[in-house]
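Novice: Structure provided below as structure tokens; questions to follow.
The values are calculated or read from the model by the stated rules, or taken from the named source; none is laboratory data. All values reported here derive from a predicted model rather than from experimental measurement. No Cβ is skipped: glycine too gets one built from the backbone with ideal geometry, and neighbour counts run over all protein chains shown.
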Amino acid sequence: MPMKILDRKLRKKRTLVFVDLEGTGFSHEMIEIGAYLATLNEDGTIKKVGAPFKRYVLAHHPIGHFVENMTHITQKLLEKEGKPFAEVLREFRKYVGKHWDDALFVTFGNHDMVIFHRSLEENEDASEVIVKYINKNNIDFSAFLSPYVQDLNGNPLSLANYLKVFGVQFEGRAHDALADAYNLMDLYKAVLEKPNILIEEYAKTLTHYHHAPLPVAKIIKKLTEGESVTPEDWDIAIAETFK
């Protein structure tokens, strides 16, 4: 069986679609989508990965210079290779195909869902049913990991930095939708393959957890550093709160 915290997220489904989107700078319309469909074994590990899916998408509003520089996607590229959002959405539905009813859509962060919805608002001919289904069956893998693996200020990490934590090298170029989807899939694999790293990182996170009461934080710190803790230590930690 997969680890229980992830098993609950999987909801007994056996298909994951790792998705990444790029959007315009101001209107947040989709300009690129990349995805990998993976079927799972009973233990949650990846059984088979299908062919990649990548499309450029025509937007109604300008891309924005910042996004152009970050993604290398230009207006000329979209005019040459881009398709209307409604058409790309239908093609994506066809790509998932027979796995649609058993699929969960894995993203990194919540901005991808924002892009889906903003694109839907700008395209009246696009399928609201498809977007709502994706949203309902979405796993934000950053939100899943962030309670356990954080920086010293309690913030979640970037995809590239999460991969570093688990000893995996980022493949390709960041902010290329297909590359980001592939690296997200690699992160999923690493979390399942290296549960000890997740445990170690969670122990570190607990030592600087900002919302823990001070006595709890002190005791956790002692335990994490390998010290023995007694009921008397707990009483002292509570009493020190008021000094």
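Novice: Give the residues of region 167-200 that are surrounded by 19 or more Cβ atoms within 10 Å (Cβ to Cβ) and either over 30 Å from residue 74 (Cβ atoms) or of a type in the set (Lys, Arg) (or both), sorted by residue number.
Specialist: Across region 167-200, the qualifying residues are 188, 191, 198.
So that you can scan it fast, the table gives a plain yes or no per residue for (1) without any contact (Cβ under 8 Å) to a residue 24 or more places away in the chain; (2) over 23 Å from residue 124 (Cβ atoms); (3) more than 22 Å from the chain's Cα centre (by Cα):
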{"site": "33", "(1), (2), (3)": "no, no, no"}
{"site": "39", "(1), (2), (3)": "no, yes, no"}
{"site": "46", "(1), (2), (3)": "no, yes, no"}
{"site": "56", "(1), (2), (3)": "no, no, no"}
{"site": "71", "(1), (2), (3)": "no, yes, no"}
{"site": "74", "(1), (2), (3)": "yes, yes, yes"}
{"site": "108", "(1), (2), (3)": "no, yes, no"}
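Novice: Checking the conditions here, which among 119, 142, 146 is surrounded by 15 or more Cβ atoms within 10 Å (Cβ to Cβ) and free of Cβ contacts under 8 Å to residues at least 12 places away in the same chain? If you could, list the steps in order and put the result at the bottom.
Specialist: Values: 119 fails: free of Cβ contacts under 8 Å to residues at least 12 places away in the same chain; 142 fails: free of Cβ contacts under 8 Å to residues at least 12 places away in the same chain.
Within the list 119, 142, 146, the selection yields 146.
Novice: I've got another one for you. Give all pairs with beta carbons closer than 6 Å in which a residue from region 76-88 that is closer than 15 Å to residue 128 by Cα and without any contact (Cβ under 8 Å) to a residue 60 or more places away in the chain meets a residue that is assigned to a helix (DSSP H, G or I) and not hydrophobic (A, V, I, L, M, F, W, C); count only pairs at least 6 apart in sequence or on separate chains.
Specialist: Within 6 Å, the pairs are 85/119.
Novice: Could you say whether any residue in region 48-56 is buried (at least 22 other Cβ atoms within 10 Å of the Cβ) and either farther than 18 Å from residue 172 by Cα or not assigned by TED's automatic domain parsing to the domain that holds residue 180 (or both)?
Specialist: Checked against the condition, which is being buried (at least 22 other Cβ atoms within 10 Å of the Cβ) and either farther than 18 Å from residue 172 by Cα or not assigned by TED's automatic domain parsing to the domain that holds residue 180 (or both), region 48-56 yields no hits at all.
Novice: How do the helices (runs of 4 or more DSSP H) wholly within region 136-243 filter down when requiring 3 or more residues that are under 27 Å from residue 31 (Cβ atoms) and assigned by TED's automatic domain parsing to the domain that holds residue 103: which remain?
Specialist: Once the helices (runs of 4 or more DSSP H) in region 136-243 are filtered for at least 3 residues that are under 27 Å from residue 31 (Cβ atoms) and assigned by TED's automatic domain parsing to the domain that holds residue 103, what remains is 141-145, 159-165, 177-193.
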